[in-house]
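A quick write-up on the structure given underneath.
None of the figures in this text is laboratory data; all of them are computed from the coordinates on show. In this text, all values refer to a predicted model and were calculated from it rather than measured experimentally. For neighbour counting, all protein chains shown are included, and Cβ atoms are generated from backbone atoms with ideal geometry for every residue, glycine included.
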Amino acid sequence: MNKTFKALANPLRRQILSMLRAGPMTSGDIAAHFDIKWPSLTAHLNVLKNAGLVHAERFGTQIRYRLNTGAAEDAVAALMALFGAGDDTEGDKNDP
């Protein structure tokens, strides 16, 4: 889970994840949205891939990335558990 939160800590990586919500994209399509050097973009994509947040599929000379919604849902669940969101074990303090 630490890799996931580290990956989510960077705003550019969060932008990439947001873009991938619309569907799979090639690395070239992703790169067209940012003004950064190719090695930097590749490093960001690798962090997302290593955290399990995206899947990479090779099609000939292109790599297509798609969002791994399961990993994103796990991260949200971990945050909710950390802050006790949705935890109703204490109940209403006014109830007998």
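In nm, give the distance between the simple-model label positions of residue 12 and residue 46, each being 7 Å from the Cα along the Cα-to-Cβ direction.
Placing both labels 7 Å beyond Cα along the Cβ direction yields 1.4 nm.
Give the long-range amide H neighbours of residue 26: residues separated by 5 or more places, or on another chain, with amide H under 5 Å away, using H modelled in the peptide plane at 1.01 Å from N.
65
How tilted is helix 11-20 with respect to the longest principal axis of the chain? Cα atoms for both, answer in degrees (0 to 90, nearest 10).
Taking Cα atoms only, the helix is inclined about 80 degrees.
As a check on your grasp of the helix formula, calculate [θ] at 222 nm for the chain: sum -39500 (n - 2.57) over DSSP H runs of n ≥ 4, divide by the residue count, round to the nearest 500.
Working: 5 runs with 49 residues, N = 96.
Mean residue ellipticity, 222 nm, calculated: -15000 deg cm²/dmol.
Identify the residues of segment 57-81 with backbone N under 15 Å of a label point that sits 7 angstrom from the Cα of residue 1 along the Cα-to-Cβ direction, or state none.
The answer is 71-81, whose backbone nitrogens lie closer than 15 Å to the label point.
Quick check for me: using +1 on Lys/Arg Cβ and -1 on Asp/Glu Cβ, what's the dipole size of the chain about its Cα centre, in debye to the nearest 20? Provide the component values of the computation, followed by the final result.
Details: 11 positive and 10 negative charges, 166 e Å.
About 800 debye.
Please state, to two decimals, what the Cα-based radius of gyration of segment 2-82 comes to when divided by 2.2 N^0.38 Å (N = residues). Mind dumping the intermediate values first?
On the way: Rg = 12.5 Å, N = 81, 2.2 N^0.38 = 11.7 Å.
Normalised Cα radius of gyration, segment 2-82: 1.07.
Can you give me the relative contact order of segment 1-82 as a percent, contacts being Cα pairs under 8 Å and 6 or more apart?
Values: 71 pairs, mean separation 29.3, N = 82.
The value is 36 percent.
Evaluate the distance, in nm, between pseudo-label points positioned 7 Å from the Cα of residue 27 and of residue 62 along their respective Cα→Cβ axes.
Between residue 27 and residue 62, the label points sit 1.4 nm apart.
With a 10 Å radius around each residue's Cβ, average the other Cβ atoms per peptide and rank 22-29, 50-57, highest first. Mind showing how you got there, number by number?
Numbers: 22-29: 13.5, 50-57: 17.5.
Packing proxy ranking, top to bottom: 50-57, 22-29.
Cα axis of helix 69-82 to longest principal axis of the chain: angle in degrees, 0 to 90, nearest 10?
Once rounded, the angle reads 30 degrees.
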